[in-house]
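All remarks here apply to the structure that follows.
The values are calculated or read from the model by the stated rules, or taken from the named source; none is laboratory data. Because the structure is predicted, anything quoted here is derived from the model rather than measured. We place every Cβ from the backbone using ideal geometry, glycine too, and count neighbours over all the protein chains shown.
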Amino acid sequence: MRTIILLLLTSGILAVSCEKILPALPADEDVLDGPVEGLTAEQQRRFLDGDIAFANEFSPQTGLGPIFVNTSCISCHAGDGKGHPFTTLTRYGQADSTGNTYLLAGGPQLQHRAIPGHSPELLPAGAPFSKFLPPANTGLGFLAALTDAQLLANADPNDANGDGISGVPNYINPPGFFVPQSFHQSLNGRYIGRFGRKAGAIDLLQQTVGAYKQDIGVTSEFDPNDPINYAVSSQPLDNIPDPEVSTADVRNVVFYLRTLKAPVQRNTSDADVAEGKQLFVNIGCAKCHIPEWTTPASDIAALGNKTFYPYTDLLLHDMGPGLDDGYTEGKALSSEWRTTPLWGLGLSKNSQGGEYFLMHDGRAKTIREAILLHGGEGQGSRDQFNGMSETEKLKLEKFLESL
Amino acid sequence: MCLKKIVSCAAVLFTLTDISAQKDSSIFRRESPDTVFMNKDAVYNRPFIRAGKMPLAIGGYVEANTIYSATDGVSEGFSFQMRRFTLFCSSTITKKIKFLSELEFEDGTKEINLEFAALDVEFHPLLNFRGGVIMNPIGAFNQNHDGPRWDFVDRPLSATTIIPSTWSNPGFGFHGRYYGGAWTFAYEAYLTNGFDESIIENTEGRTWLPATKVNRERFEENHSGKPLLTGKMAVRQRKVGELGLSYMGGVYNRRMEDGLMIDSTDRRVDIFAADMNLNLWKGANLLAEGTFAMIDVPAGYSSQFGKKQYGFFADITQRIMQKPVLGWEKATLLAACRLEYVDYNLGTFTETGGNIGDEIWAVTPSLAFRPAGQTVLRMNYKYASARDLLGNPPAKTGTILFGIASYF
C-alpha cells in the first residue's frame, strides 16, 4: 500500500510541478528571435512556415552545393543573430563601381566548401576580396518598409552641411525578378540597396534568393542555376532537379524575415544607460546610427505606422583606409560600408559563441575596438570618443550593450 | 517473404496462446530467462512461451509512454507514444542449432525493422557460427536494448545517435565463451554490411551515423563493397559484474561504380566502445557505456561535420524496496539516475581556435516500479542542455515521461 501511495504521490507532485520544473521562456528582451507583435493567426502560421524553411538543413540529396558556404540559413544566422568567423563568407572580384570582373571566374562569392565528390572553389590569385560576417536578421521588416524618400532625406553626398559626414545610397542593378513597390525610386534603372554590408540587396527577396544560391548552393525559380566552380567546368554540375527550393519556401522565408521582431532594449531605466545615450548623440554617432524611424502604412498591419529604433541610416559611408578591403558592390567605393544597425548589439555574443565579432568581417573583439576602427567619415566621432573620460566611455558602452 | 512467414507464425502462436492459455496452462510453458547472463546473450535471454513439445518459442515486448516536454519555455504539449512493439520467435532446430528472430514495429507501424534473424550453429562453446541479420556487438546497449530491461523511457543518446542502436546488418561471424570458476570470458566477431555516405550527407547538418539506418538497401547490398568488422570481448566476474570492449569499423563510401572510380579515397568510420555493468552495494548497480567514433570527412566539406564524436551514459540504479504488494509476490521499487553526454563534433574551429560545440548534457532521475521482473512502470524527468555548433548559450529542455514496458 505504501508503495502505491508513494507512486501516486510522486506522479502527483511531478504532474503539478510540471510548469515549475520545465525550463522557462527567456524574457522577450533577452532573445532576438520571435515574431513582431500583432500578427494575425494566419500570419503567425506563415511566420512558422518561414521559420521551418529558414532552419531547414540542406543535404547533397536535397540540393546542397555542389559548392557552398554553409548548409542552412540558420547555420549562419543562429537565433537570428550575428555570425561567427566560422560562418563568415568571402566576396570577390569587384574593385570599383564599374562592376564585377570575375563573374565568369566564380565571383561574386567564394564557395570554399564542396559536397563529397566535388572540389571547393579557390580564391583567384589577385582578385580583390572582402570577408563578410553574417549580420543579425532582426527587425528587417521595419527597415524594408521604409520608403526610399525617407532614406534619401538623410543622404548628403556633397556634405552640404559640412559635418564631415556624407551618407550616400548604394544603387543596385535589380535582378530580373525584382518587383518595385510604390515606395521604390529608380535612378537610371538602378534601385537603392538596403541589405548587406555594402547595401548590395534592394529587398529581402533578392537577399534570400542570393543566399540560397551563393551561400547554400540551392537553386530557386528566381535563380535556377547552381554556383559554378570554373576551375572544374563552366557548367553547373549537380544531379538534383532544379529548383531545389520551392517558391513557397522562398516566399515564406521572406515573410519570416519581414516579421521578425525588432530587438528590445534592456536596462532602459539605468541612469548610466540614459547618459550613455546622450553621449552617443553628443559625439555624433547618431548622425549615421540614426536612432529612431517610423514606418509608413504597410501591407502587414503589424509593421505599419510603427516607430522603431534600429540605429542606422541604411546609407553608405566612407570609413577610411583602415576598413578599405579593396572590394566593393554596386556603386559603392571599396572604403564605403553601410551603417550597421546597432539594435541587438548587446545580445550579439549569444549567437557568436560567447564572444563579440564586430564590424563587417568580425575583426573587432569588443565594442570599444569597433568604435576605434571608425575612420573616414567616422573619424570625427571616434576622436571625440577618444577625448572622453573613462567613465563616460563606460557609460556609452553600457548604453550600446543595452541595445 | 521470410518476414511474412515470421509474422504469420508468430501470429498463429499468438492466437493459440490467447485462446487456450488460460484454460489449460499446462500445454504452455513459460520459459524464464537465466539469472546469470552476459550482455552478449541478451537476444536469447528473454522470456519465451513454448507450446508443448513444439520446437518453436515466441515472445515479445511492448513499450508505451506519455511525454510532455518544453524547450526554453516552448512546449509541443502532451502526447501518448507507442514506441515499440516487438515480436521474437526462436526455434531450437537441433540441440546445437538455434534460430532467433526479432521483428520490431516502431511508433505504431511507422517503422518496421527486422532487428535480428540469425542462425546459431554450435561447434564448441568457444566456437559458434552465427549468420543472418545480426546486431553488431558494439557497446552493450545495441544488443541489450529491450525496453522492459531498462528503468528509463528514453534510450541513451550516445547509444542511439553515435552508435545507431538498434544497428543490425546481414553478416556472418563467430562467438563463444569460456567459463573458469567465477569468471566468464566471451568474444564475438562478425563481418557485416555497413554504413554509407548518408552519415555525412543528411538533413541533420552534422555527422550522423543513424542516417544510414534509413537505407534499406543495406540488407541486400553493402554500399561500400567492403565489409564492416565488429568485434567485442567481455569478461564477467560473478560478484563484480561485466566489462566489455568493442570495436566496429569499415569503409562507408563507394569508390567504384560501373568500373569507374567515382571517389579517390576510402573513407572510414571507426567506433570504439567500452561498457560495464557493475554490482555496487546491496541492490545497487552501475551500467555505463562510453563511445568514441572517428569519421573520415572529405577535406573540402564543412567542419560542421564532426570528424570525431564522443559520448557516454551512466545509469545508477538502487533498489528501494522488494516485497509482496497487492498480490505481486516480488514487487520492486527502484530509484535510478542516468547521466549522459554526447559531443557530435570534437575539435576546434580553424578560424578562431575555439571549441566546436554541438554537444548535449542530460540527467534523468527515474522512479521505476516492477510489479514483476518482466514488467516495468517508470516515471522519468529528463533535463537536457544542448549547445549548438558555435557553443552559444544552451537550449534547455525538460521532459516528463511516464511509461510502461513489458515482455509478454
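Quick notes
- Listed by position, the strands (runs of 3 or more DSSP E) enclosed by region B:11-93 that each have at least 2 residues that are at pLDDT 90 or above are B:56-71.
- Flag for A:Pro23 being out of contact with any helix residue (DSSP H, G or I) (no Cβ under 6 Å at 6 or more places or on another chain) and within 13 Å of chain B (Cβ to nearest Cβ): yes
- Top-ranked residue of region B:225-264 - restricted to ones that are hydroxyl-bearing (Ser, Thr, Tyr) and at pLDDT 90 or above, ranked as surrounded by the fewest Cβ atoms within 10 Å (Cβ to Cβ): B:Tyr247
- Residue match in region A:310-324 (condition: more than 14 Å from chain B (Cβ to nearest Cβ) and without any contact (Cβ under 8 Å) to a residue 40 or more places away in the chain): yes
- Only listed residue being part of a loop (DSSP other than H, G, I, E, B), surrounded by 16 or more Cβ atoms within 10 Å (Cβ to Cβ) and modelled with pLDDT under 95, chosen from A:Asp96, A:Asp156: A:Asp156
- Checked against (1) more than 10 Å from chain B (Cβ to nearest Cβ); (2) under 25 Å from A:Ser246 (Cβ atoms); (3) outside any helix (DSSP H, G or I); (4) of a type in the set (D, E, K, R), A:Glu57 meets all criteria but (1).
- A:Phe68 under 18 Å from the mean Cα position of the chain (by Cα), within 14 Å of chain B (Cβ to nearest Cβ), at pLDDT 95 or above and crowded, with 21+ Cβ neighbours inside 10 Å: no
- Filtered by the rule that a residue be polar (S, T, N, Q) and either within 16 Å of A:Asp318 (Cβ to Cβ) or surrounded by 16 or more Cβ atoms within 10 Å (Cβ to Cβ) (or both), region A:361-389 gives A:Gln379, A:Ser381.
- Against the test of being at positive phi and touching a residue at least 40 places away in the same chain (Cβ under 8 Å), the options A:Gly126, A:Gly99, A:Gly83, A:Gly79 yield a single qualifying residue, A:Gly79.
- Flag for B:Pro393 being in contact with a Phe, Trp or Tyr (Cβ under 7 Å, 6 or more places away or on another chain), modelled with pLDDT under 95, buried (at least 17 other Cβ atoms within 10 Å of the Cβ) and facing another protein chain (nearest Cβ under 10 Å): no
- A:Ser119 being surrounded by fewer than 19 Cβ atoms within 10 Å (Cβ to Cβ), within 14 Å of chain B (Cβ to nearest Cβ), small (Gly, Ala, Ser) and in a loop (DSSP other than H, G, I, E, B): yes
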